[in-house]
Amino acid sequence: RSGHHRRAERMIYTRKSSGTLAVALVTEVFHDDPGGEVLREHLREARDRGADLAVLPELPLNGWAPATQIARDEDAEPVDGPRQTALAQAAAHAGIAVLGGAIVVDADTGERHNTALLYSASGTCLARYRKIHLPEEAGYWETSHYKPGNAAPEIIEGLPLRLGLQICSDVNRPQGFQLLAAQGVEVVLAPRATPPETYERWRMVLRANAIMSGAYLVSVNRPGPEGGASIGGPSLAIAPTGEVLTETTDPVHVVTLERSAVAEASTEYPGYLKRFPEVYAKGWSGLDV
């Protein structure tokens, strides 16, 4: 096992508590797994270790297409296309909820979007979220591959805690976290593909977002370099206090999240501060950004 750990004391998993969510951080990608067996093995391991939900990295069934500026047809698919079907079937096979993703083509506009997809343990799609903030630089030529999403993140029900979704660069623009916090989010899931050289900066931003939103944050990274792009560094689970509960490069690592920690954060500083959305909406409305 990797030495990149700071483990919280392992907690015994039970299904009796509706205020507890056990999450598996799956720091692995599956684009060289055409039959889906490796993915299913990882999900079965997560389930056997007590996880309710497995969180995969950004675009886990794709090779890292934005390593180049060339957008290929085979990297994208329609709604409920083959990668999405594989994720749904793997979730149902293992009996565990799964957060994955795909480059999905909008049937109305023909535009491609980097889309996070949450499936229940029965394989039902609970939520789709399109990445909004897209980089365009060496190794991360994302605007060459897909368009920004145009829908704000919303609360997702159906698991023991209330979830929200962000994707990678979205965490560097905290509006999504603030909106989710105002809706009562308890856990924000943020799959990513980031380079090891900038890991400490990402870690700082992720911790700050957890504190400001008063919610848990789980961010799972792609495991290594691809196509010339420098990718790698730990996956993290962060408490509402900003404490890093775990940072790991293990293929499967399980952490348990408690609703009581979110409730406590809401009563402490800065959790109890009012948000004044009308003030900021007025300020934003006069800007051309």
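From the square roots a ≥ b ≥ c of the eigenvalues of the alpha-carbon gyration tensor of segment 246-289, which class results: rounded (a/c under 1.5), prolate (a/b over b/c), or oblate? Don't skip to the answer; put the middle values down first.
Working: a/c = 4.87, a/b = 1.74, b/c = 2.79.
Verdict is oblate for segment 246-289.
Treat each spin label as a single point 7 Å out from the Cα along the C-beta direction, and report the residue 49 to residue 143 distance in nm.
Result for the modelled spin labels: 3.9 nm.
Quick one: if you stick a label point 7 Å off each Cα along the C-beta vector at residue 107 and residue 172, how many nm between them?
So the label points at residue 107 and residue 172 sit 3.5 nm apart.
What fraction of the DSSP beta bridges in segment 181-289 is antiparallel, stated in percent and rounded to the nearest 5?
Working: 8 of 12 bridges.
Around 65 percent of the beta bridges assigned by DSSP in segment 181-289 are antiparallel ones.
Label residue 89 and residue 197 with points 7 Å out from Cα along Cα→Cβ: what is the distance between them in nm?
My value for the distance between the label points is 4.0 nm.
Among 136-147, 218-229, what's the highest-first ranking by average C-beta atoms within 10 angstrom per residue? If you can, show how the numbers build up before the last one.
Details: 136-147: 17.3, 218-229: 21.0.
Packing proxy ranking, top to bottom: 218-229, 136-147.
Stretched out fully, how many nm does the piece from residue 74 to residue 278 gain, at 0.36 nm a residue minus the Cα gap?
Numbers: separation 204, 0.36 × 204 = 73.44 nm, distance 4.37 nm.
Extra length from residue 74 to residue 278 when fully extended: 69.1 nm.
Report the FRET efficiency, 1/(1 + (r/R0)^6), for residue 182 and residue 38, where r is their Cβ-Cβ distance and R0 is 30 Å, rounded to 0.05.
Working: r = 39 Å, r/R0 = 1.31.
Working from the Cβ atoms, E equals 0.15.
Calculate, for the chain, the solvent-accessible area per residue in square angstrom, rolling a 1.4 angstrom probe over the heavy atoms of the protein chains.
Details: 13270 Å² over 289 residues.
On a per-residue basis, 46 Å².
Using just the alpha carbons, could you tell me how many Å³ per residue the convex hull of the chain encloses?
132 Å³
Using per-residue counts of other Cβ atoms within 10 Å, averaged over each peptide, order 254-267, 203-216 from highest down. Walk me through the intermediate numbers first.
Working: 254-267: 18.1, 203-216: 21.4.
Per-residue Cβ counts within 10 Å, averaged per peptide and sorted highest first, yield 203-216, 254-267.
Amide H to amide H under 5 Å from residue 245: which residues, 5+ apart in sequence or cross-chain, H placed 1.01 Å off N in plane?
Amide H to amide H, under 5 Å and 5 or more residues apart or across chains, residue 245 pairs with 237, 238, 239.
Ignoring ligands, DNA and RNA, what percent of the 1.4 Å accessible area of the chain is carbon and sulfur? Show your work: numbers first, answer last.
Working: 7120 of 13270 Å².
Answer for the chain is 54 percent, counting heavy atoms of protein chains only.
What is the Cα radius of gyration of segment 106-149 over 2.2 N^0.38 Å, N being its residue count?
On the way: Rg = 12.8 Å, N = 44, 2.2 N^0.38 = 9.3 Å.
In units of the 2.2 N^0.38 Å rule of thumb, it is 1.38.
May I ask for the distance between the Cα centers of segment 60-92 and segment 185-209, given as a whole number of Å?
After rounding, the separation between the Cα centres reads 23 Å.
How do 114-123, 54-63, 74-83 rank on mean C-beta neighbours within 10 Å, highest first?
Working: 114-123: 21.9, 54-63: 25.1, 74-83: 15.7.
Ranking, from highest mean packing down: 54-63, 114-123, 74-83.
The values are calculated or read from the model by the stated rules, or taken from the named source; none is laboratory data. For clarity, every value in this text was computed on a predicted model and none was experimentally measured. Here the Cβ is made from the backbone with ideal geometry for all residues, glycine too, and neighbour counts use every protein chain on show. Just so you know, the surface numbers come from the protein's heavy atoms only, side chains and all, with ligands and any DNA or RNA stripped out. Shrake-Rupley method; radii C 1.70, N 1.55, O 1.52, S 1.80 Å.
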